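Here the structure is laid out as structure tokens; the discussion comes afterwards.
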Amino acid sequence: MRWVTYEGADGVRTGLVDGETVRGLAAGTTLEALLAGGNLAEAGEDARRAPAEVRGLADVRLHAPLRRPPSVRDGLCFLDHLRGCYRALGREGPLGPVWSRSPAFYFANADAIVGPHDDVPVSPGSTMFDLELEVGAVIGVGGRDLHPDRAEDHIAGYLLYNDWTARDHQVVDMAQGIGMAKSKDSAITLGPALVTVDELEPHRRDGRLAPELSATVNGEELTRGTLDQMDWTFGELLAYVSRGTDLPPGAVIGSGTVPGGCLLEHVDTAELADFTRWLQPGDVVSLRGEGLGETRQTVTPGPGVVPLRPTG
């Protein structure tokens, strides 16, 4: 099944994609509620048998499939992405042993989610705005202290995930040393659809999901890779993040960035600020994934920054 949240004739609806149409459920139904109630399969049958409305997919505005999930975490499971960032920052050499002991993750802003075709303003005050090509796993069956060999059984489906990042703000976050803050706070793209696990089975290779993924800026390809490049699997990531805590249905967990899937990895200047390819208003960013669909978004100017204290 391919689930979307869209602007219907009388407000926001949840629907099932059927070819070039969307078969909508009753007004007020949300994917978050269907996942929490364990009713996704039953709702799919209802949408096929007796939809509340049928609309052309090309005629509706898509929102993020999950507009307000209960939680969002973002992992770092592609270690070649980290190596590429380190090279851009002039930090050569092997990764430290900590990266092979457990997958890294941080808590992201569930209130910053935007749809797959929404405009994305530059983070306030940023001049080094970036994209990140990722895949998000959505929890279907909640759990705690999951086993890495069985944790993927708790995933309802997957979607494209763009972790928009202000690199200049990230420098400040890292200097303060208590985790990601304003660098990751302004936007997370989810969508265009929540694609259930069974739909992606044709893209499985050697037991692992391996859909091809790519990102473009203004039509120029930035990177291309596959999901099975992950050094830490989703099963391992979910097992780690669920240690001693509950993962509720609807929670979103990002894979981390596909190698080469952010502008930081392509920096070719001695100073980050001198790099000329940071995202600018008017740039068009697209993510694509086999079986997952495509996002297409335009970067717009961000709001001005009000000083926290008087200057001068």
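The values are calculated or read from the model by the stated rules, or taken from the named source; none is laboratory data. If you're wondering where the values come from, they're calculated on a predicted model, not measured in any experiment. All Cβ positions, even for glycine, are placed from backbone atoms using ideal geometry, and neighbour counts span all protein chains on display.
Quick grid of which residues meet (1) of a type in the set (K, R); (2) in the same structural domain as G250 (by TED's automatic domain parsing); (3) farther than 30 Å from P281 by Cβ:
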site: M180; (1), (2), (3): no, yes, no
site: K184; (1), (2), (3): yes, yes, no
site: A187; (1), (2), (3): no, yes, no
site: L200; (1), (2), (3): no, yes, yes
site: H203; (1), (2), (3): no, yes, yes
site: A210; (1), (2), (3): no, yes, yes
site: S214; (1), (2), (3): no, yes, no
site: V217; (1), (2), (3): no, yes, no
site: E221; (1), (2), (3): no, yes, no
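Condition test on G125, is it modelled with pLDDT of 95 or more, assigned to a strand (DSSP E or B) and of a type outside the set (F, W, Y)?
No, not satisfied.
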Q: Might you check whether a residue that is of a type in the set (D, E, K, R) and either in contact (Cβ under 8 Å) with a residue 40 or more places away in the chain or on the phi > 0 side of the Ramachandran plot (or both) occurs anywhere in segment 295-303?
A: yes
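Picking from V241, V258, V252, V267, which residue would you name as being touching a helix residue (DSSP H, G or I) at 6+ places or on another chain (Cβ under 6 Å) and β-branched (V, I, T)?
V267
Could you list, in sequence order, the residues of segment 67-108 that are polar (S, T, N, Q) and crowded, with 16+ Cβ neighbours inside 10 Å?
The answer is S71, and nothing else.
Only one of these is touching a Ser or Thr at 6+ places or on another chain (Cβ under 8 Å) and under 18 Å from L76 (Cβ atoms): L227, L222. Name it.
On inspection, the qualifying residue turns out to be L227.
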**Q.** Every residue from segment 13-55 that is of a type in the set (V, I, T), in a strand (DSSP E or B), surrounded by 14 or more Cβ atoms within 10 Å (Cβ to Cβ) and in contact with a Lys or Arg (Cβ under 8 Å, 6 or more places away or on another chain)
**A.** V17, T21, V22
Q) Got a sec? Which of A88, A166, A112, A108 is out of contact with any strand residue (DSSP E or B) (no Cβ under 7 Å at 6 or more places or on another chain) and touching a residue at least 12 places away in the same chain (Cβ under 8 Å)? A) A88
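Considering segment 1-12 alone, what residues qualify as being surrounded by fewer than 17 Cβ atoms within 10 Å (Cβ to Cβ) and in contact (Cβ under 8 Å) with a residue 40 or more places away in the chain?
Matches in segment 1-12: E7, A9, V12.
Can you tell me how many residues in segment 60-88 are assigned to a strand (DSSP E or B) and at pLDDT below 95?
0
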